[in-house]
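Trainee: Below is the structure I would like to discuss, written out as structure tokens.
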Amino acid sequence: MRLLALLVLLASQALAFPRVGLHEGFTRFVFDLPAGSTYQMNTEGQTLALRFRGVKAEPLDESVNSEEVASYQVVVNGAVVEVFVRLKPGMRAQSSTLNEPQNRRLIVDIARGEAKAGTSPAPQPKPAPAKAAPRPAQPKFVVVIDPGHGGRDPGAVSPCTGVTEKLITLDVSQRARRYLEAQGVQVVLTRSGDTYPTLDERAQMADSKKNLFISVHVNSTVGCPGRAQGIETYYFGELLNPSLLEQVVRENGGGAVGQQLTRVARDAAQRAAGDILAQLNLRWSRELAYTVHNKLIQATGAVNRGVQQAPFYVIRNARIPAILVELGFANHASEGRRLADPAYRDTLARAMSQAVTRFLGVDTVAQR
Ligand SMILES: [Zn+2]
């Protein structure tokens with residue numbers, strides 16, 4: 001039985017597209033190229049994108065979590081097979097091809113360094129250096145946390161629970177910053193006091209030098225107390241659920257401004273549908289959304305309202321994984337009380353930071 005299992009494993013590895021190997025100092029992707037197949041390769045930010053024609057593959061979404069690679073996805077679109085590899089910061093791809101008649105392969109090695117994908121057709125032998133080069137410093141992850149609202153904009157205010165959104169979002173964000181910094185992750189807050197950066201100013205902080213962006217919010221409904229409760233997490237996209245429109249307008253600034261920015265965000269969502277890089281970033285955003293959401297639900301036992309897409313203005317143009325979390329309902333009797341409790345906010349912050357370090361691949365087994 002054991003031999004059979006081994007044979008099945010070997011057979012499945014032999015058929016896998018790509019085959020992935022973890023090695024000391026690099027992660028290797030091997031793509032078998034049947035006769036007549038073609039490929040293109042590009043890197044954009046931290047993503048390596050490959051597009052094949054004439055190969056056979058199964059759709060796949062795999063977490064690798066090696067030193068060099070976070071995850072990869074295989075997308076099959078008719079005759080086209082796309083492979084997206086999410087690199088960790090400071091990593092580069094170097095490719096070479098093996099051109100034996102019965103054994104044509106593309107080999108892509110991901111390692112720390114300056115090599116660029118697609119620039120070298122074959123590895124050139126290098127003279128051995130006189131002495132080992134110093135190892136470059138470990139790249140630092142930089143995370144942007146956006147405490148929603150602030151200053152003249154209090155966000156949701158609930159007289160029956162005493163919860164004011166802008167205070168909760170700032171406190172949870174500051175606590176998450178402390179947890180993340182303890183893990184060696186640098187954190188940029190879009191505000192650190194009771195101020196109101198505009199949504200554009202906040203969004204601009206999510207530039208491509210950062211690794212991810214989380215906008216932190218608290219929800220509310222009509223009534224005091226209201227009946228809705230639970231945590232929900234969003235990544236950017238079209239408004240698929242019309243009942244969310246009121247909430248989206250409110251989080252986009254409310255009133256006439258919120259309606260205007262929601263129109264802009266909905267236009268951006270339509271444009272994103274035809275933009276392959278935007279679509280790619282939405283895949284990573286979705287992965288981030290599920291990682292954070294599941295951890296928050298697991299840590300708090302709160303009602304699970306799911307992960308959804310919606311046209312939130314602040315994450316509309318992000319080129320890094322970007323999400324918006326609603327930590328609970330300010331005007332729900334028991335959830336509002338929990339949000340007002342510093343210990344509960346600490347639980348939320350800790351869960352969020354653990355999800356972020358897991359997503360970035362810097363967590364420890366003990367944390368999981
Ligand atoms: Zn809000």
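Rule-based calculations on the coordinates, nothing more; no lab input. These numbers were taken from a predicted model, which means no experiment stands behind them. Virtual Cβ from ideal backbone geometry, glycine too; neighbours counted across all protein chains shown.
Trainee: With N set to the residue count of segment 131-276, report its C-alpha Rg divided by 2.2 N^0.38 Å to two decimal places. The partial results should precede the final answer.
Mentor: Numbers: Rg = 18.0 Å, N = 146, 2.2 N^0.38 = 14.6 Å.
Taking the Cα Rg and dividing by 2.2 N^0.38 Å, one obtains 1.23.
Trainee: Sticking with this structure for a sec: Return the FRET efficiency for the residue pair Glu181, Met205: r is the Cβ-Cβ distance, R0 is 22 Å, and the value is rounded to the nearest 0.05.
Mentor: Numbers: r = 17 Å, r/R0 = 0.78.
E(calc), rounded to 0.05, equals 0.80.
Trainee: If you don't mind, another one. Of the candidates Val108, Val143, Val257, which one comes out as most mobile in a Gaussian network treatment of the chain with C-alpha springs shorter than 10 Å?
Mentor: Val257
Trainee: Could you work out the helix-only [θ] at 222 nm for the chain, with each DSSP H run of four or more residues adding -39,500 (n - 2.57) and the total divided by the number of residues, to the nearest 500 deg cm²/dmol?
Mentor: On the way: 8 runs with 114 residues, N = 368.
Rounded to the nearest 500, it is -10000 deg cm²/dmol.
Trainee: Here's a follow-up. Residue by residue through segment 234-248, which ³J(HN,Hα) values in whole Hz follow from phi under the Karplus form 6.51 cos²θ - 1.76 cosθ + 1.60 (θ = phi - 60°), with glycine and proline marked x?
Mentor: Each residue's phi maps through the Karplus curve to give 10, 10, 6, x, 4, 7, 8, 10, x, 5, 7, 4, 4, 5, 5 Hz.
Trainee: Defining a contact as two alpha carbons under 8 Å apart and six or more residues distant in sequence, what relative contact order in percent does segment 141-367 show? Don't skip to the end; give the middle numbers.
Mentor: Values: 469 pairs, mean separation 71.1, N = 227.
31 percent.
Trainee: Give the total of Lys-Lys pairs in the chain with Cα-Cα distances below 21 Å; include a pair only if its members are 8 or more places apart or on different chains.
Mentor: So the count works out to 10.
Trainee: Can you tell me the mean projection area, over all orientations, of the convex hull of segment 141-367's alpha carbons? Units nm², please.
Mentor: Working: hull surface 44.5 nm².
One quarter of the hull surface, i.e. the mean projection, equals 11.1 nm².
Trainee: Can you compute 3J(HN,Hα) from phi for each residue in segment 182-199, using the Karplus curve 6.51 cos²θ - 1.76 cosθ + 1.60 with θ = phi - 60°, rounded to whole Hz and x for Gly and Pro?
Mentor: So the J values, rounded to whole Hz, are 5, 9, x, 9, 7, 10, 10, 8, 6, 8, 10, x, 8, 10, 10, x, 5, 5.
Trainee: Let me know the charge dipole size of segment 141-367 about its Cα centre in debye, to the nearest 20, where only the beta-carbon of Lys, Arg (+1) and Asp, Glu (-1) is charged. Don't skip to the end; give the middle numbers.
Mentor: On the way: 25 positive and 21 negative charges, 44 e Å.
Taking the Cα centre of segment 141-367 as origin, the dipole is about 200 debye.
Trainee: Where does the charge balance sit around Val157 when Lys and Arg score +1, Asp and Glu -1, over other residues with C-beta under 11 Å from its C-beta? Present the calculation step by step, with values, prior to reporting the outcome.
Mentor: Working: positive: Lys166; negative: Asp153, Glu165.
Residues close to Val157 contribute a combined charge of -1.
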